[in-house]
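Report on the structure given below.
What follows is calculated from the coordinates using simple rules that are stated; it is not laboratory data. Given the structure is predicted, the values throughout are model-derived calculations rather than measurements. Ideal geometry is used to build each Cβ from the backbone, glycine not excepted, and the neighbour counts take in all protein chains shown.
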Amino acid sequence: MRIVKKPEVRKKEIIEAGLKVLYSKGYTQTTVQDIVDTAGIAKGTFYWYFRSKDELIDALAEDMREKLMDIAWGIVGDRALNASEKFYQVFNKIAIEKIRRFGEGIYVIIDFLIDPKNAQFQYILNKKSMEHFASVLAEIIKQGVDEGIFHVYSPYGAARIVSALLIQASDEIMERLKELRENGAVYIDRIKDIYRLYFDAIERVLGADRNKFSLWNNLSESIEAIDEFLKLLKKEDK
């Protein structure tokens, strides 16, 4: 008997199958046939939900960032928090959620994202991530300007620069983790130094009052989570 699934369930299955194939073959080598074979569906079913492989890639990127943006907007909407507190919470919660989602499978993600074959997927993901995250940060920065914490003439422009810095920091961290693992160790202090440098750059972009705003001194939750995660990786590599 043919099993009929709800559209949202079937679509999610296709997305998960697509992600599995992308991890193993890379963007360029992945075909629609690979995806339908993995999902166990007919090619016509794939095209009912997606017009092309590129549209599926866009859905994958959307699925990856949707939960993170839900977390961020929930924090932005909290009227009890000032701009500094919102900034810290957005960073803390997103960092912790990423670690929770990726866990010990982080090297699979790293291998996929830094592979030159997947440059197009990385470009799409980064572009969409910057657009969405910049809109979140712009609201926080506007509030910070009103509160005298940040000093910028264009909150949205500053938000785009901060988003770009965060994407670059993430790329550099992934490269470093890959490089260090291949050398047989993960040096936690080196990873932390990268974060510290980017945090300093972000504070300068925001024109932050250092007496009222310090990312490094106030991101204790995410720094502790990163520290524990890197210790886990170091233990595994021994």
Counting other beta carbons within 10 Å of each Cβ, put K11, K25 in order, fewest first. K25, K11
Can you work out the Karplus-derived ³J(HN,Hα) for every residue in the range 9-16? Use 6.51 cos²θ - 1.76 cosθ + 1.60 with θ = phi - 60°, whole Hz, and x for glycine or proline. 5, 4, 4, 5, 5, 5, 4, 5
Lysine pair count for the range 1-51 [Cα-Cα under 16 Å; pairs on different chains or 8 or more apart]: 4
Can you give the Rg and Dmax of the range 1-50 based on its C-alpha atoms, in angstrom? 10.9, 36
Within a Cβ distance under 12 Å of N82, other residues only, what is the Lys/Arg minus Asp/Glu net charge? -1
